[in-house]
Amino acid sequence: MALKAALDLRIADAIHRHGGAATLAQIATCVALQPSKLPCLRRLMRVLTVTGVFRSVVRQQQPAPADDEQEAYGLTPASRLLVGSPSVSPFLALMLEATFVSPFLGLGSWLQRELPGQSLFEMAHGVKPSLFNEGMVADSGFIMDVVVKECGDVFKGVSSLVDVAGGLGGAAQAISKAFPSVKCSVLDLPHIVANAPAGTDVKYIAGDMFQSIPPGNAIFLKWVLHDWGDAECVKILKNCRKAIPSREEGGKVIILDMVVGAGSSDLKHKETQVLFDLFIMFVNGIERNEQGWKKIIFDAGFSDYKIIPVLGVRSIVEAYP
């Protein structure tokens, strides 16, 4: 909740505007805080520095300034991601939105109910979640910048690509911009495609991934399969396999998702993965380990796969027909 307060107040932006380090008074002025709340802001910043969101900076000045002017706060690698463009602020705001957090208060009660049934989110609010677009576009802007720079070999030899359930096309646009020779399309539901941006090199196709997927040299699935159970994933992957050519002709499915247990052995890395799994459970989703991915890939008729754990807690999984 301290991080949510920092996002709501745009504290990272306030520090950034002061050249990367700002005093408590400067931050308070930027975020329009009442003077009486200055001690409360200090306590909030103490939490945010201890947890590594910001860092303490002691200014050395002569004569010695007052305590409020001497103690300053700077950006860390984590909080630098909250400023500029692309920024992860909209994605984090989505994850910390009360509508998304409150269902977890009913986790114990939900666990006592039979499946299939209402998701944790539906049990709490009576409707399915519909606040994803802005957060997903922000996530695409951030993660795809890393993908195209660090994992460009994944798109080597790809002539056409279909981004399945690609929303407003943030990922497809990033791929198209980085690799102009790749003809990119986005498949999503009609009401999503109706709001697609104009004037891009990306083609938008209205459809349903459970029915059929347009043909392409490669199919791209970013944060899609973790929303679905095994049976649904196998159906989606079977449709993907029908849409691509043989492996010898370069056909493959590129999955950008989490592989629990893959990547760094760092405790924070492991903790983040299992917490994401708990979070996605609220829409009856699942973050799979390698065995889970292997099962759905082979059940869908693919012959082989490769896991590339290069994106922090997420990985690229390539599935070959």
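Residue count for segment 173-192 satisfying the condition of being touching a Cys at 6+ places or on another chain (Cβ under 7 Å) and either surrounded by fewer than 22 Cβ atoms within 10 Å (Cβ to Cβ) or without any contact (Cβ under 8 Å) to a residue 40 or more places away in the chain (or both): 1.
The helices (runs of 4 or more DSSP H) found entirely in segment 201-311 that carry 3 or more residues being crowded, with 19+ Cβ neighbours inside 10 Å and not acidic (Asp, Glu) are 230-243, 290-299.
Conditions tested, residue by residue: (1) polar (S, T, N, Q); (2) touching a helix residue (DSSP H, G or I) at 6+ places or on another chain (Cβ under 9 Å); (3) outside the structural domain of THR99 (by the TED database).
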{"residue": "LEU256", "(1), (2), (3)": "no, yes, no"}
{"residue": "SER264", "(1), (2), (3)": "yes, yes, no"}
{"residue": "GLU271", "(1), (2), (3)": "no, no, no"}
{"residue": "PHE302", "(1), (2), (3)": "no, yes, no"}
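Residues are listed down the side, and each one gets a yes or a no for (1) farther than 21 Å from GLY250 by Cα; (2) touching a strand residue (DSSP E or B) at 6+ places or on another chain (Cβ under 7 Å); (3) β-branched (Val, Ile, Thr):
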position	(1), (2), (3)
LYS270	yes, no, no
GLN273	yes, yes, no
ASP277	yes, yes, no
ASN284	yes, no, no
GLU287	yes, yes, no
GLY301	no, no, no
PRO309	yes, yes, no
VAL313	yes, yes, yes
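When we screen LEU131, LEU82 for residues that are of a type in the set (A, V, I, L, M), at pLDDT 65 or above and either in the same structural domain as TRP223 (by the TED database) or out of contact with any Lys or Arg (no Cβ under 6 Å at 6 or more places or on another chain) (or both), the only hit is LEU82. Of the residues making up segment 289-304, those that are more than 23 Å from the chain's Cα centre (by Cα) and closer than 18 Å to ASN239 by Cβ are LYS295, PHE298, ASP299, ALA300, GLY301, PHE302, SER303.
Among the residues of segment 1-49, those identified as farther than 18 Å from ARG80 by Cβ and charged (D, E, K, R) are LYS4, ASP8, LYS37, ARG42, ARG43, ARG46. With the structure loaded, tell me whether PRO197 is in contact (Cβ under 8 Å) with a residue 24 or more places away in the chain and in a loop (DSSP other than H, G, I, E, B) or whether it fails that test. Here the answer is yes, as PRO197 does meet what is asked. Of everything listed in (1) out of contact with any helix residue (DSSP H, G or I) (no Cβ under 9 Å at 6 or more places or on another chain); (2) in a helix (DSSP H, G or I); (3) at pLDDT 80 or above; (4) of a type outside the set (S, T, N, Q), the single unmet condition for GLY157 is (2).
The values are calculated or read from the model by the stated rules, or taken from the named source; none is laboratory data. Because the structure is predicted, anything quoted here is derived from the model rather than measured. Every residue, glycine as well, gets a Cβ built from its backbone with ideal geometry; the counts of neighbours run over all protein chains shown.
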